[in-house]
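Have a look at the structure below before the remarks.
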Amino acid sequence: MRIDIKQRGVELTSEQLASVTQRIRLALQRFAHDVASVTVTLLDINGPRGGRDKVARVRLRTRQRGAVQIEETDSEVLRALTYAIDRVRRSFVRDLGRQRANAV
């Protein structure tokens with residue numbers, strides 16, 4: 001599973017980037033055989049003005065089922081990313097369950 005992290009207006013330390021990568025791997029560990037790549041884009045919409053303007057966009061590409069993209073907004077970029085990763089995982093599990101139910 002390839003993980004790419006893009007930052008636009010958001011600067012994370014190398015420790016934070018390693019933590020983000022680890023969170024993604026742990027969340028999707030069960031499905032690693034089917035996940036081709038994960039692209040994370042972190043944005044700061046308003047710049048230094050603050051507010052609820054940090055965006056975490058997570059795009060998961062699978063080998064057989066297509067892609068899932070989730071976007072979360074929060075005042076803290078890492079919190080937005082945590083929510084987005086959890087939503088991507090739940091969406092993937094839900095889609096997998098639907099596919100298995102339709103196969104029976």
Selection over the stretch 66-77 where residues are farther than 15 Å from THR39 by Cα and open to solvent by less than 80 Å² (accessible area, probe 1.4 Å) yields a count of 4
Scanning the stretch 28-58 for residues that are surrounded by fewer than 17 Cβ atoms within 10 Å (Cβ to Cβ) and outside any loop (DSSP other than H, G, I, E, B) gives GLN29, ARG30, PHE31, ALA36, SER37, THR39, GLY47, PRO48, ARG49
Going through (1) open to solvent by less than 50 Å² (accessible area, probe 1.4 Å); (2) outside any strand (DSSP E or B); (3) touching a residue at least 24 places away in the same chain (Cβ under 8 Å) one by one, ARG25 fails only at (1)
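Would you pick out the residues in the stretch 1-53 that are β-branched (Val, Ile, Thr) and within 20 Å of ASP74 (Cα to Cα)? Steps first, answer last, please.
Step one: of the stretch 1-53, the residues β-branched (Val, Ile, Thr) are 3, 5, 10, 13, 20-21, 24, 35, 38-41, 45.
Passing the criteria: ILE5, VAL10, THR13, VAL20, THR21, ILE24, THR39, VAL40, THR41, ILE45.
The values are calculated or read from the model by the stated rules, or taken from the named source; none is laboratory data. Since the model is a prediction, treat every value here as computed from it, not as a measurement. Backbone-built Cβ (ideal geometry, glycine too); neighbour counts: all protein chains shown. Keep in mind that these areas ignore ligands, DNA and RNA; they rest on the heavy atoms of the full protein, side chains included. Shrake-Rupley method; radii C 1.70, N 1.55, O 1.52, S 1.80 Å.
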